[in-house]
Amino acid sequence: MLHLEVFRVALTALRANKLRSLLTMLGIVIGVGAVIAMDGIGRGAQSAIKARITSLGTTLLSISPGQVQARGVASESDRAKLTMSDAQALEEQGVLITAVQPEMSRQLQVQFNSKNTSTQIVGTTANYLEVRKYELQAGRMFSTQEDAGKQRLAVLGPQVLVNLGIENPEAIIGEPVRIRGIQFTVIGVLKGKGQTNPFQNPDDQVLIPLNTARFRVIGSDRVRNISVLAASEEKIPEAMAEVQKIIRREHKIAREREDDFQIRNQADFLTTAAETSAVFGSLLAGIASVSLIVGGIGIMNIMLVSVTERTREIGVRKALGATKLNILFQFLIEAIVLCLLGGAIGVALGMGGALALSKFANFTTEISSQSVMLAFVFSAAVGVIFGVWPARRAAGLDPITALRYE
């Protein structure tokens, strides 16, 4: 019964100063809400990246140029080359490979009527949709014959249409656009895949035939990347070994020298992306957690002020028989209740903020019950940690001195 009475007195003290209690909780509310929202964004980004990479297919292998080291130091200027001859060798000699898709790209201006936008121009082969698991929402893809004939045809990503102010994908089919001053005919529009990171948007690109890019637009034999499909998931290690053998032979690399290219499968991309997004998620949650500490310091300051204001009350309670433990328990309960209420409001605001970001800002968010419980428990711990000192100070007051306090 005595503990219930102490608990009731603590709640009465909080209700007596509603505005101050609310302002005291504000730091905890912001801290918990920020932690929940940032953790939701981080987890959502991880899920989106995982889904994006998985959607590319589990048998996809990506070959990119490596770096040639000069005197033990590698730089961008020392970057090795992948050329069309490498792609042709893979297509001709690969036994465990079902498709080869080289691509070259450059950031260029695309003009339609009076509007223009800067986007990624990707020169690629007719099997791009098959290898990269893209779909069309309008029109068609160019054919192998059109690629060989260096036809000036273009397939636009959905973000390019947005940038050019085009609302209806069907309306652009058959219309002319200019890329680097050269007129192309739009024959298709890709379905959107969604942006999974701030550095690259797979919807903001224009596909043109590889030979057109090679001879008319970019004017280079150098490819940025070669994608290949292995025969099956079980054959991926053997396919990677076969690709390595063919390209080493094409590059005339001596046995004792390392590869000047990189071969990665989807598992590698998934692991790297997951690690990166986890680091960013932890960083965001860590930054948000600072506000919890600030909120805890605010609670400690307010509780110390409360102890000073209620010195006579503490003296009267001690004179009537209240023990040090009773006083300590009362003030500790006040601090914990403030933090728990702030934590509950913060959880609601954090979840609401994450849902709002998902709905209105197109963020992918994912709220975890584990992170909600962790933030809530942490807010209670903040109340205990930052409430102990004011509670001990109140419990340690001399009753005679407290009664004389004005």
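Values quoted throughout were computed directly from the atomic coordinates according to the rules given, and no laboratory measurement underlies them. Only a predicted model underlies this, so the values are computations on that prediction, with no experimental measurement involved. Ideal geometry is used to build each Cβ from the backbone, glycine not excepted, and the neighbour counts take in all protein chains shown.
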### Query
With each run of n ≥ 4 DSSP H residues scored as -39500 (n - 2.57), what mean residue ellipticity at 222 nm is computed for the chain after dividing by its residue count and rounding to the nearest 500 deg cm²/dmol?
-18500 deg cm²/dmol
### Query
Between Leu22 and Ile253, what length comes free when the chain is fully extended (0.36 nm per residue of separation minus the Cα-Cα distance, one decimal in nm)?
76.1 nm
### Task
Let me know the number of lysine pairs in segment 81-259 closer than 16 Å at the Cα, not counting same-chain pairs under 8 apart.
4
### Message
Using amide H atoms built in the peptide plane, which far-off residues or other-chain residues are under 5 Å from Asn225 H to H?
### Response
Glu103
## Note on the structure
Of the candidate values (i) -0.22, -0.95; (ii) -0.30, -0.98; (iii) -0.44, -0.97, the one computed for log10 I(q)/I(0) by the Debye sum over Cα atoms at q = 0.06, 0.12 Å⁻¹ from this structure is (iii)
### Task
Compute the FRET efficiency between Gln109 and Thr144 as 1/(1 + (r/R0)^6), taking r as their Cβ-Cβ distance and R0 = 30 Å, and round to the nearest 0.05.
0.60
### Summary
Computed about the Cα centre, the charge dipole of segment 81-259 from +1 Lys/Arg and -1 Asp/Glu charges at the Cβ has a magnitude in debye, to the nearest 20, of 660 debye
#### Entry: Under-5 Å amide H pairs with Ala99, H placed in peptide plane, nonlocal only
Leu229
### Message
Could you give the length gained by full extension between Ile173 and Phe215, i.e. 0.36 nm per residue of separation minus their alpha carbon distance, to one decimal place?
### Response
12.7 nm
### Summary
Residue ranges of DSSP H helices in the chain that stretch 20 Å or more (Cα, own long axis) and have mean Kyte-Doolittle hydropathy of at least 1.0 are 2-16, 266-309, 324-360, 369-395
### Task
Treating only the Cβ atoms of Lys and Arg (+1) and Asp and Glu (-1) as charged, compute the dipole magnitude of the chain about its Cα centre; round to the nearest 20 debye.
1180 debye
### Task
Go through segment 169-246 and name the chymotrypsin sites (Phe, Trp or Tyr not before Pro) that are in a DSSP coil and have 10 or fewer other Cβ atoms within 10 Å of their Cβ.
Phe199
### Query
Using the Karplus equation 6.51 cos²θ - 1.76 cosθ + 1.60 (θ = phi - 60°), what ³J(HN,Hα) coupling, rounded to whole Hz, does each residue of segment 151-158 give in order, writing x for Gly and Pro?
6, 8, 10, 9, 10, 9, x, x
